[in-house]
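Single-structure report; data block below.
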Amino acid sequence: MGAFRISMVKMDTVGKYFPKKRETMSEYEALENAYLDGMREILSEVAARRHLETWGMRSNNPYIRKASEDSSYAIERLHSSLNETQCELYGLMEEAMSTEQGLGEEEAFVVGFLEGYRFIKELQRSGGGQTMV
């Protein structure tokens with residue numbers, strides 16, 4: 001039984017950059033990895049921009065909206081009970097936590113975007129998906 005290879009990149013796409021006398025599997029793999037790294041970088045930029053466009057949009061999910069309202073109410077109650085120094089410290093903490101959460105959400109969005117793209121490409125290559133134009 002021969003070697004089996006699964007990749008998002010067609011062998012022809014990778015192979016056209018090598019002279020016919022130098023086609024070893026390790027060379028193909030090295031070029032394929034460079035190609036995939038470049039695609040990952042480009043798609044990560046696209047996903048990050050898309051995330052910024054949609055970030056801050058209110059969810060239509062009633063459970064998320066309710067949790068957001070409950071959270072806002074609790075924060076307002078806490079904030080109103082603090083003195084000036086505590087309010088300042090709370091603001092610093094809230095800003096740091098919001099930044100951390102925002103970066104985590106962006107990373108999750110980008111990873112999901114890349115995985116979705118990979119899934120669609122594999123589906124197309126297997127003959128099960130339609131070509132997107």
Please verify whether the range 106-123 includes one or more residues that are touching a residue at least 40 places away in the same chain (Cβ under 8 Å) and not in a helix (DSSP H, G or I). no
Examine the range 59-82 for a residue that is open to solvent by 80 Å² or more (accessible area, probe 1.4 Å) and modelled with pLDDT under 85, and state whether such a residue exists. yes
If a residue must be open to solvent by 60 Å² or more (accessible area, probe 1.4 Å) and over 30 Å from the mean Cα position of the chain (by Cα), how many such residues does the range 83-124 contain? 6
Name the pairs whose Cβ atoms lie under 6 Å apart, with the first residue in the range 32-49 and in contact (Cβ under 8 Å) with a residue 40 or more places away in the chain and under 17 Å from E105 (Cβ atoms), the second open to solvent by 30 Å² or more (accessible area, probe 1.4 Å) and part of a helix (DSSP H, G or I), and 6 or more positions between them or separate chains? A47/F113
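The values are calculated or read from the model by the stated rules, or taken from the named source; none is laboratory data. This is a predicted model, so every value here is computed, not measured. Here Cβ is always computed from backbone atoms with ideal geometry, including for glycine, and neighbour counts include all displayed protein chains. The accessibility values were calculated without ligands, DNA or RNA, using every heavy atom of the protein model including side chains. Shrake-Rupley method; radii C 1.70, N 1.55, O 1.52, S 1.80 Å.
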